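The values are calculated or read from the model by the stated rules, or taken from the named source; none is laboratory data. Everything numeric in this text was worked out from a predicted model, so none of it was measured. Every residue, glycine as well, gets a Cβ built from its backbone with ideal geometry; the counts of neighbours run over all protein chains shown. All accessible areas refer to the heavy atoms of the entire protein, side chains included, with ligands and DNA or RNA removed. Shrake-Rupley method; radii C 1.70, N 1.55, O 1.52, S 1.80 Å.
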Amino acid sequence: MLIEVAETHPPQYGKKVATVIAKGGDKFEIWPEKLADLRVGAKYDVDVAEREYQGRKIHKITKATPANGAAKPVNGHTTVTTTGDGEPEFVATVLGALIMKGEVANNKRQLFEATQMLRGLWGATFGGQPNNGGPACP
């Protein structure tokens, strides 16, 4: 099935699955670690599993391949892409992993602090920006 991603939403507080909303309004569940590889506005060829819950069908993305045919795995092993500066992908991937491991609680304060720390880490390590969380490596 071919979809264009209109919105992505991380898991709600106390929930385990994230949500993808396709252009046209179709709603899909997806594991949070797989969500990191999907981009709003991009088109994907997705494999979908269906199940019934309380009398309604739930659709869950089990595999997604970019519509341009490029093979990008969506199997829980996320990768940081080289488009743009890579900071958003890095922060999303690492933050998702920290949440899944229980190192960061799913509350605003901890999410904000962890995000700022990861942005600073990116800037000091990969971005070469001495004022973004610490000194850049010489």
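Structure values in brief
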| quantity | calculated |
| --- | --- |
| The lone exception for Leu95 - which of (1) more than 27 Å from Lys15 (Cα to Cα); (2) at pLDDT 80 or above it fails | (1) |
| Odd one out for Leu118 among (1) modelled with pLDDT under 80; (2) touching a helix residue (DSSP H, G or I) at 6+ places or on another chain (Cβ under 6 Å); (3) farther than 20 Å from Val5 by Cβ; (4) of a type outside the set (Phe, Trp, Tyr) | (1) |
| Counted residues, segment 22-49 - those being over 10 Å from the mean Cα position of the chain (by Cα), open to solvent by 50 Å² or more (accessible area, probe 1.4 Å), under 24 Å from Phe90 (Cβ atoms) and touching a residue at least 40 places away in the same chain (Cβ under 8 Å) | 1 |
| Failed item, numbered, when Ala70 is tested on (1) over 17 Å from the mean Cα position of the chain (by Cα); (2) modelled with pLDDT under 85; (3) open to solvent by 60 Å² or more (accessible area, probe 1.4 Å) | (3) |
| Among the candidates Val40, Val104, Val20, residue that is modelled with pLDDT of 85 or more and more than 24 Å from Ala6 (Cβ to Cβ) | Val104 |
| Residues of segment 1-16 satisfying the condition of being open to solvent by 20 Å² or more (accessible area, probe 1.4 Å) and within 20 Å of Ala67 (Cα to Cα) | Met1, Leu2, Glu4, Ala6, Glu7, Thr8 |
| Flag if Thr19 is free of Cβ contacts under 8 Å to residues at least 40 places away in the same chain, hydroxyl-bearing (Ser, Thr, Tyr), surrounded by fewer than 20 Cβ atoms within 10 Å (Cβ to Cβ) and under 16 Å from Thr62 (Cβ atoms) | yes |
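Residue by residue, here is whether (1) free of Cβ contacts under 8 Å to residues at least 40 places away in the same chain; (2) outside any loop (DSSP other than H, G, I, E, B); (3) under 17 Å from Ala18 (Cβ atoms) holds:
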residue	(1), (2), (3)
Val94	yes, yes, yes
Ala97	no, yes, yes
Val104	yes, no, yes
Gly120	yes, yes, no
Thr125	yes, yes, no
